[in-house]
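These notes are about the structure you will find just below.
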Amino acid sequence: MPDGFLDAPTSIATGVVAAAAVGVSLRKARDELDDRTAPLAGLVAAFVFATQMLNFPVAGGTSGHLMGGAIAAVLVGPWTGVLTTSVVFLVQCLLFADGGVTALGTNILLMGVVTCAVGWVAFRGLQAVLPRTVASVPIAAGLAAFVSVPVASLVFVGLYAVGGAASVPFGTLTGAMVGVHLLIGIGEGLITFLAVGSIVAVRPDLVYGARRVVERHELVLRSSGAGA
């Protein structure tokens, strides 16, 4: 989002919320990372940064790119996911002029906090109904990523309804945002499915969202070994 799309009070409010979320994430991330998985957070940040630079055509001449919140939450945990995506948006804003400085808080809130939270909740909900196997992890991650994108667009529409400063009709903006981001969500879900699937196939123990499945599998194996 560029500068001037939301009015000053709304931009300040989203900045405060984003700063609070990042502050809480700094404390909570300690419980998600250890010496073995911490390097993955840096790799996730680099992956999100690189893929956000790659736009794919959507409709009406528009294009979309990976938001990265859901994939970050699944790979390194929701709190660490907020931190990694926030770093990406900060670098893009300050070094590449991608997104306005006054809109930085809004961009972190929408593309980092909201997508991480929604993606993680959707991922856990899908894990509750899907078979508890390692193969189901990338499926749940891909579907959760798809859901997170239009939800983030709806949150943006809500913010615009409160403090929109651009001369765009609300109805037109709502239809365009939701419609286009449903298509972008498909791309996000596919990229997330492929990325998570490739890591799970090699090192499922490094994927935060797969820990319950891996631990359960190891417990079953130990129980079978003890019984034998």
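On the stretch given as the stretch 1-15, residues that are out of contact with any helix residue (DSSP H, G or I) (no Cβ under 7 Å at 6 or more places or on another chain) and open to solvent by 60 Å² or more (accessible area, probe 1.4 Å) total 4.
The set of residues in the stretch 86-116 being in a helix (DSSP H, G or I) and more than 17 Å from Val16 (Cα to Cα) consists of Val88, Val91, Gln92, Cys93, Leu94, Leu95, Phe96, Thr115, Cys116. Looking only at the stretch 158-185, residues that are farther than 15 Å from Thr115 by Cβ, touching a Phe, Trp or Tyr at 6+ places or on another chain (Cβ under 9 Å), in a helix (DSSP H, G or I) and of a type outside the set (Ser, Thr, Tyr) come to 3 in all.
Determine which member of the set Val147, Val168, Val137, Val157 is of a type in the set (A, V, I, L, M, F, W, C) and within 14 Å of the chain's Cα centre (by Cα). Talk me through it step by step, then tell me what you get.
Values: Val168 fails: within 14 Å of the chain's Cα centre (by Cα); Val137 fails: within 14 Å of the chain's Cα centre (by Cα); Val157 fails: within 14 Å of the chain's Cα centre (by Cα).
Only one candidate qualifies: Val147.
Checking every residue in the stretch 86-95 against the condition of being open to solvent by less than 40 Å² (accessible area, probe 1.4 Å), of a type in the set (Phe, Trp, Tyr) and over 9 Å from the mean Cα position of the chain (by Cα) gives at least one match. Among all residues of the stretch 89-105, there is none that is under 26 Å from Arg212 (Cβ atoms) and in contact (Cβ under 8 Å) with a residue 60 or more places away in the chain. When you go through Val196, Val157 one by one, which is the residue that is out of contact with any strand residue (DSSP E or B) (no Cβ under 7 Å at 6 or more places or on another chain), over 22 Å from Thr37 (Cα atoms) and open to solvent by less than 30 Å² (accessible area, probe 1.4 Å)? Only one candidate passes the filter, namely Val157. Of the residues Val149, Val200, the single one that is in contact (Cβ under 8 Å) with a residue 40 or more places away in the chain, touching a His at 6+ places or on another chain (Cβ under 6 Å) and in a helix (DSSP H, G or I) is Val149. Checking the stretch 133-144 against the condition returns a match, with at least one residue being surrounded by 24 or more Cβ atoms within 10 Å (Cβ to Cβ), of a type in the set (Val, Ile, Thr) and closer than 21 Å to Leu190 by Cα. The set of residues in the stretch 160-172 being closer than 29 Å to Phe123 by Cβ and either polar (S, T, N, Q) or buried (at least 17 other Cβ atoms within 10 Å of the Cβ) (or both) consists of Tyr160 alone.
The values are calculated or read from the model by the stated rules, or taken from the named source; none is laboratory data. Because the structure is predicted, anything quoted here is derived from the model rather than measured. Virtual Cβ from ideal backbone geometry, glycine too; neighbours counted across all protein chains shown. When the accessible area is computed, the model is the full protein with side chains, heavy atoms only, and any ligands, DNA or RNA have been set aside. Shrake-Rupley method; radii C 1.70, N 1.55, O 1.52, S 1.80 Å.
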